[in-house]
Amino acid sequence: MIAPFSETGGLGSTGLLLSAPLIGLAFGWFLERGGLGCAPKLAGQFFFSDLTVFKVFFTAILTAMLGAFWLDRFGLLDLSLVNLPETSVLPQAIGGALFGVGFLVAGLCPGTSCVAAASGRLDGLAVMGGMLAGIVVFNSAFDWIEPLYRGTPLGAIRFSDWMGISTGAGVALITAIALCGFALVGRFERSRVSS
Amino acid sequence: MNRSPDRYADPYFAGIGLGLALLAAYVFAGRGLGASGGFASVVASGTAVVKGTAAAASSPATGPYLDHGIMSPLHDWLVLELIGVMVGGFLSAWLSGRLRIAIERGPRVSDRQRIAFALAGGVLMGIGAKFARGCTSGQGLTGGALLSAGSWIFIMTCFAAGYTMAPLARRLWR
């Protein structure tokens, strides 16, 4: 049977809900293994003193992107049935900027704050509390925010569609950028050790 | 348990593990990973408790999260996934000797300041993630690996803002 199994009948609604904690368990496990439950380590990314975040993040994207692309090419996964997050240019640009500043100040992002809290870090728990409070603030101001929130919608599109290139070319582009990034990071770390 | 903690895994190895977890989400559930959406579901349920289910369900901000009323988080894929994230993080920390109650902070801030900044950063991320329809998990990893245009806009503005403001936040971490 072709994947995604939740869409093609291989996984019923109970199975779908059961898949969530199992996949989440692997997610939390690998975040903690990589040291991403430790706020000063994550914040080091912004000061070029610890580039773990860059390495983990782009390796994860490459793995999932190439896996999904080739499973689709070999007819094992129908990528058109996998939910593609919709694009809204302005709110996502503004949201990304607010989020980036919050990430710098908190030293953790929402997923890693859960890992930090689960491993006993009280600062992780505080970030989780702040997240909940921030969403309450957003919801309370929603009437006022809504025009901006719903503005500049482009629907579910890939950046490759927007650039007028094939999905395969988009995959190749991200792969090339990530590999160059890994090479540069490696060179930077070696130069810092020798200096 | 008193022992020195194990070394962290190689970042590239941890990244491959995370990528395979994300790929498993695409293959089994037809969707990706997320975190902020689970928080939003919990907030919507809390709003339903405080303001009543009818008021919360009719609000455009919380209504979409309340298909199962106040019990919605227990039917929400992301909330169940986040419970798994916490269990996975706990198990990994425990088995590697890193489980301990502590506040992790930069060398020049007090514990109290660290908690205040953690709360403030969390508030900013909560608002930002609502605007962006996701966070580093739901947009960054999930949408990024699917080439979503908006996800890459999010990734670029997120890191651009972080690096631009980093010199001002130096005292927090260095």
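Taking the conditions exactly as written (in contact (Cβ under 8 Å) with a residue 40 or more places away in the chain, over 24 Å from B:G38 (Cβ atoms) and outside any loop (DSSP other than H, G, I, E, B)), does B:L172 satisfy them or not? Spell out the reasoning first.
Values: in contact (Cβ under 8 Å) with a residue 40 or more places away in the chain: yes; over 24 Å from B:G38 (Cβ atoms): yes; outside any loop (DSSP other than H, G, I, E, B): yes.
For B:L172, the condition - in contact (Cβ under 8 Å) with a residue 40 or more places away in the chain, over 24 Å from B:G38 (Cβ atoms) and outside any loop (DSSP other than H, G, I, E, B) - is met.
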(request) Any residue in segment A:165-192 that's surrounded by fewer than 15 Cβ atoms within 10 Å (Cβ to Cβ): show its pairings with residues that are not in a helix (DSSP H, G or I) at Cβ separation under 8 Å, as long as the two are six or more apart or on different chains. (result) A:F188/A:F48; A:F188/A:L51; A:E189/A:L51
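Mind telling me which of the residues A:T63, A:T52 ends up being closer than 16 Å to B:L146 by Cβ, hydroxyl-bearing (S, T, Y) and at the interface with chain B (Cβ under 7 Å from one of its Cβ atoms)?
On the way: A:T52 fails: closer than 16 Å to B:L146 by Cβ.
Within the list A:T63, A:T52, the selection yields A:T63.
Would a scan of segment B:44-52 turn up a residue that is under 17 Å from the mean Cα position of the chain (by Cα), modelled with pLDDT of 95 or more, under 20 Å from A:F138 (Cβ atoms) and within 11 Å of another protein chain (Cβ to nearest Cβ)?
Just the residues of segment B:44-52 that are under 17 Å from the mean Cα position of the chain (by Cα), to begin with: B:44.
After this cut, where a residue has to be modelled with pLDDT of 95 or more as well, the list is B:44.
Cutting the leftovers down to under 20 Å from A:F138 (Cβ atoms) gives us B:44.
Restricting the remaining residues to those that are within 11 Å of another protein chain (Cβ to nearest Cβ) gives B:44.
Within segment B:44-52, one or more residues are under 17 Å from the mean Cα position of the chain (by Cα), modelled with pLDDT of 95 or more, under 20 Å from A:F138 (Cβ atoms) and within 11 Å of another protein chain (Cβ to nearest Cβ).
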(message) Would you confirm, using the coordinates I've provided, whether A:F46 is under 20 Å from B:G121 (Cβ atoms), at pLDDT 95 or above and of a type outside the set (V, I, T)?
(response) yes
(message) For A:A117, only one of the following conditions fails: (1) in contact (Cβ under 8 Å) with a residue 12 or more places away in the chain; (2) touching a Gly at 6+ places or on another chain (Cβ under 6 Å). What is its number?
(response) (1)
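Here is a check on your reading of the model: is B:V87 facing chain A (nearest Cβ under 7 Å), surrounded by 23 or more Cβ atoms within 10 Å (Cβ to Cβ) and not in a loop (DSSP other than H, G, I, E, B)? Don't jump to the end; show me each part of the working.
Numbers: facing chain A (nearest Cβ under 7 Å): yes; surrounded by 23 or more Cβ atoms within 10 Å (Cβ to Cβ): no; not in a loop (DSSP other than H, G, I, E, B): yes.
Judged against the criteria, B:V87 is not a match.
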(request) For segment B:117-134, indicate whether the set of residues that are surrounded by fewer than 24 Cβ atoms within 10 Å (Cβ to Cβ), assigned to a helix (DSSP H, G or I) and more than 7 Å from chain A (Cβ to nearest Cβ) is non-empty. (result) no
(request) Select from segment B:91-101 the residues that are surrounded by fewer than 22 Cβ atoms within 10 Å (Cβ to Cβ) and in a helix (DSSP H, G or I) and list them in ascending order. (result) B:L91, B:W94, B:L95
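Report yes if some residue within segment A:25-37 is outside any helix (DSSP H, G or I), small (G, A, S) and touching a residue at least 40 places away in the same chain (Cβ under 8 Å); otherwise report no. If you could, list the steps in order and put the result at the bottom.
Step one: list which residues in segment A:25-37 are outside any helix (DSSP H, G or I), which gives A:34-37.
Right, trim to small (G, A, S) and you get A:34-35, A:37.
From the residues that got through so far, the ones that are touching a residue at least 40 places away in the same chain (Cβ under 8 Å) too are A:37.
Within segment A:25-37, one or more residues are outside any helix (DSSP H, G or I), small (G, A, S) and touching a residue at least 40 places away in the same chain (Cβ under 8 Å).
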(request) Within segment A:133-150, identify whether any single residue is out of contact with any Cys (no Cβ under 8 Å at 6 or more places or on another chain), in a helix (DSSP H, G or I), of a type in the set (S, T, N, Q) and touching a residue at least 60 places away in the same chain (Cβ under 8 Å), and answer yes or no. (result) no
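Is it the case, given these coordinates, that A:F74 is within 7 Å of chain B (Cβ to nearest Cβ) and more than 20 Å from the chain's Cα centre (by Cα)? Talk me through it step by step, then tell me what you get.
On the way: within 7 Å of chain B (Cβ to nearest Cβ): no; more than 20 Å from the chain's Cα centre (by Cα): yes.
No; evaluated as a whole, the condition is false for this residue.
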(request) Test each condition in (1) under 14 Å from B:A24 (Cα atoms); (2) more than 7 Å from chain B (Cβ to nearest Cβ) for A:N83 and report the one that comes out false. (result) (2)
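Residue-wise test of (1) under 23 Å from B:G15 (Cβ atoms); (2) touching a residue at least 40 places away in the same chain (Cβ under 8 Å); (3) under 13 Å from the mean Cα position of the chain (by Cα).
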| site | (1), (2), (3) |
| --- | --- |
| B:G69 | no, no, no |
| B:V87 | yes, no, no |
| B:S92 | yes, no, no |
| B:I101 | no, no, no |
| B:V123 | no, no, yes |
| B:K130 | no, yes, yes |
| B:L141 | yes, yes, yes |
| B:G150 | yes, no, no |
| B:I155 | yes, no, no |
(message) I'm checking my understanding of the structure. Among residues of segment A:3-19 that are under 24 Å from A:R73 (Cβ atoms) and not small (G, A, S), which one is surrounded by the fewest Cβ atoms within 10 Å (Cβ to Cβ)?
(response) A:T8
(request) Please enumerate the residues belonging to segment A:122-176 that are facing another protein chain (nearest Cβ under 7 Å), more than 21 Å from B:A149 (Cα to Cα) and in contact with an Asp or Glu (Cβ under 9 Å, 6 or more places away or on another chain). (result) A:L122, A:D123
(message) Tally up the residues in segment B:1-53 that are touching a residue at least 24 places away in the same chain (Cβ under 8 Å), surrounded by 19 or more Cβ atoms within 10 Å (Cβ to Cβ) and outside any helix (DSSP H, G or I), please.
(response) 5
(message) Here are the criteria: (1) touching a residue at least 12 places away in the same chain (Cβ under 8 Å); (2) under 19 Å from the mean Cα position of the chain (by Cα); (3) under 26 Å from B:P167 (Cβ atoms). Tell me which single one A:G100 does not satisfy.
(response) (1)
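Residue check: is A:A43 over 28 Å from A:F5 (Cα atoms) and either more than 7 Å from chain B (Cβ to nearest Cβ) or surrounded by 24 or more Cβ atoms within 10 Å (Cβ to Cβ) (or both)? Spell out the reasoning first.
Details: over 28 Å from A:F5 (Cα atoms): yes; either more than 7 Å from chain B (Cβ to nearest Cβ) or surrounded by 24 or more Cβ atoms within 10 Å (Cβ to Cβ) (or both): yes.
Considered against the rule, which asks whether it is over 28 Å from A:F5 (Cα atoms) and either more than 7 Å from chain B (Cβ to nearest Cβ) or surrounded by 24 or more Cβ atoms within 10 Å (Cβ to Cβ) (or both), A:A43 comes out as yes.
The values are calculated or read from the model by the stated rules, or taken from the named source; none is laboratory data. Every value quoted in this text rests on a predicted model; they were computed, and no experiment measured them. Methodologically, a virtual Cβ is constructed for each residue, glycine included, from the backbone with ideal geometry; neighbour enumeration extends over all protein chains shown.
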